[in-house]
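Below is one structure; the comments refer to it alone.
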Amino acid sequence: MRKSAIVVAVLLSGFVSIVHCQDLSKIHIEVTRVAGNVYLLVGEGGNIAASIGEDGIVIVDDQYAPLAEKIQSALKGISDKPIRFVINTHYHVDHTDGNDYFQKQAPIIAHDNVRKRLENGGEAGNLGSLKFEAKPQVKGALPILTFDHDVTIHLNGEDIQVRHLQNGHTDGDSMVYFPKSNVVHMGDDFLRIGFPFVDLAAGGSVRGLIAALEEVIPTLPPDVKVIPGHGVVSNLDDVRTFVKMLKETRAVVDQGVKQGKTLDQLKHEKILDPWKDWSGDWITSDVYLETLYNDIVGIPGTFVKHN
C-alpha cells in the first residue's frame, strides 16, 4: 500500500477537521501525461484527471482545500488556459474539499446525490466499526450543475462522458470517460491500494459495486487506460482482478451467512485470510469483512438499485 493511502485513511477518519491539522505544505503535486490530452495529478487524496486543450481545462476531483493553490499551479505548468469545468466522482472529502476554491473559477458538475450529501452531511461508514462524520459543506462547495444518469461535455475535441454508476462506493458515483484520449477515471469504484472502502451508510454496496464494474467493463475499449480513485494508472485486466476479488470475498462471506455464522465467528475463522494481501492499514480484512457481512444481511441503507 502506498504511504499516501495510509494518510488518506487517517484524514478520512476525522474528515476536514483533521485535514487542516496536517502539514500539507510538503506535499508536491506530481503531474504525468496519461494519454492524449489527459493528465494525472497526484498529491494527497483522490487522483485528479485533467483534460487540457485549446478550449480550456476540465478537472475530475480536486483533493483537499489546503492543496488547491498547488493544484492550480500544477495546472498552470501544463496550460495557461482557464479551468472550464470541475467534475466530482462522488462526495467524499478527499475528492471534493477543493470545491469551494475551484468553483470560484468554474462550475462543478456531479450526480444529484453528491450535492445532497455535501449539503446535508451525515454519518459515513460501513455500518460497523468504521464510521466518521461527513460535515455539511458551504454553499460554494456544492455542485451547481447536477444530473441523474449522465451528461456529456464537448470540449478540447473530446466528448467527455460523465456517467452515473449504480450504487457501489456510494449512491452518487460517476465514471468519467475521455473517448478520444482513451482514458477513463473510475473514481473510488476502482482502487489500487487494497480492499475498498464501501460507504454503506451513503447507499453504497459491494453487490452494487460488482454489478457496476461488470456493466462498465464491456463498454470500454480493451486498451483503455484506467485512472483509479487511488493508486497507479491501470488497465481493464487490473479492474477484472479487482472484481474477481470482490466476487470471491463476497461469495465466501455469503456462504458463511447462509450457514448461520455470526460476524464474530467469521472474524475468528479468518475467513478472508486467502485474500490477506489486499488488507491495508485502514481497510483491514476485519473492516472489509464487516462491510461484506452488513451488505449481505441487508442492514437498511446498504443498497438501493439505480433504475
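The values are calculated or read from the model by the stated rules, or taken from the named source; none is laboratory data. Every value quoted in this text rests on a predicted model; they were computed, and no experiment measured them. With ideal geometry, Cβ positions are generated from the backbone for all residues, glycine too; neighbour counts draw on all protein chains shown. What goes into the accessible areas is simple: the full protein's heavy atoms, side chains included, and nothing from ligands, DNA or RNA. Shrake-Rupley method; radii C 1.70, N 1.55, O 1.52, S 1.80 Å.
Please specify each residue of segment 119-165 satisfying the condition of being over 17 Å from residue 184 (Cα atoms) and of a type in the set (S, T, N, Q).
Hits for segment 119-165 are 120, 126, 129, 137, 146.
Could you check segment 131-146 and list, in sequence order, the residues that are open to solvent by 20 Å² or more (accessible area, probe 1.4 Å) and either over 21 Å from residue 62 (Cα atoms) or touching a residue at least 24 places away in the same chain (Cβ under 8 Å) (or both)?
Listed by number, the residues that qualify are 131, 133, 135, 137, 138, 140, 144, 145, 146.
Report, by residue number, each residue of segment 182-192 that is over 10 Å from the mean Cα position of the chain (by Cα) and crowded, with 24+ Cβ neighbours inside 10 Å.
Within segment 182-192, 183, 184 meet the criteria.
Specify the residue that is least open to solvent (accessible area, probe 1.4 Å); the eligible residues are those in segment 193-219 that are more than 26 Å from residue 115 (Cα to Cα) and out of contact with any helix residue (DSSP H, G or I) (no Cβ under 7 Å at 6 or more places or on another chain). Show your work before the answer.
To start, the set of residues in segment 193-219 that are more than 26 Å from residue 115 (Cα to Cα) comprises 193-195, 214, 217-219.
Filter once more, so that each one left must be out of contact with any helix residue (DSSP H, G or I) (no Cβ under 7 Å at 6 or more places or on another chain): 218-219.
Working: 218: 104, 219: 75 Å².
Among those residues, the one meeting the criterion is 219.
Scan segment 220-242 for residues that are open to solvent by less than 80 Å² (accessible area, probe 1.4 Å), assigned to a loop (DSSP other than H, G, I, E, B) and in contact with a helix residue (DSSP H, G or I) (Cβ under 7 Å, 6 or more places away or on another chain) and jot them down.
220, 224, 229, 230, listed by residue number.
Out of everything in segment 53-78 that is in contact with a Leu (Cβ under 8 Å, 6 or more places away or on another chain) and of a type in the set (Val, Ile, Thr), what residue ends up being farthest from residue 231 (Cα to Cα)?
For segment 53-78, the residue satisfying everything is 57.
Count, please, the residues in segment 80-115 that happen to be in contact (Cβ under 8 Å) with a residue 12 or more places away in the chain and surrounded by fewer than 18 Cβ atoms within 10 Å (Cβ to Cβ). I'd like the intermediate steps shown before the answer.
Taking segment 80-115 as the starting set, the residues that turn out to be in contact (Cβ under 8 Å) with a residue 12 or more places away in the chain are 81-115.
Now restrict to residues that are surrounded by fewer than 18 Cβ atoms within 10 Å (Cβ to Cβ): 81-82, 104-107, 112.
The qualifying residues number 7.
Kindly state which strands (runs of 3 or more DSSP E) lie completely within segment 117-199 and contain at least 3 residues that are closer than 19 Å to residue 209 by Cα.
On the way: elements: 122-125, 131-134, 145-147, 150-155, 158-164, 174-178, 183-185.
It comes to 158-164, 174-178.
Among (1) without any contact (Cβ under 8 Å) to a residue 60 or more places away in the chain; (2) hydrophobic (A, V, I, L, M, F, W, C); (3) crowded, with 24+ Cβ neighbours inside 10 Å, where does residue 58 come up short?
The one condition residue 58 does not meet is (1).
If you check 270, 258, 276, which single one turns out to be of a type in the set (Lys, Arg), touching a residue at least 12 places away in the same chain (Cβ under 8 Å), over 28 Å from residue 114 (Cα atoms) and open to solvent by 30 Å² or more (accessible area, probe 1.4 Å)?
On the way: 258 fails: touching a residue at least 12 places away in the same chain (Cβ under 8 Å); 276 fails: touching a residue at least 12 places away in the same chain (Cβ under 8 Å).
One residue alone meets the criteria, 270.
Considering only segment 279-292, state which residues are part of a loop (DSSP other than H, G, I, E, B), small (Gly, Ala, Ser) and open to solvent by 20 Å² or more (accessible area, probe 1.4 Å).
Passing the criteria: only 279.
Can you confirm whether residue 172 is surrounded by fewer than 18 Cβ atoms within 10 Å (Cβ to Cβ) and touching a residue at least 40 places away in the same chain (Cβ under 8 Å)?
On the way: surrounded by fewer than 18 Cβ atoms within 10 Å (Cβ to Cβ): no; touching a residue at least 40 places away in the same chain (Cβ under 8 Å): yes.
Answer is no for this residue.
Restricting to segment 116-130, and then to whatever is over 30 Å from residue 263 (Cα atoms) and surrounded by fewer than 23 Cβ atoms within 10 Å (Cβ to Cβ), can you tell me which residue is nearest to the chain's Cα centre (by Cα)?
Only one residue tops the list, namely 116.
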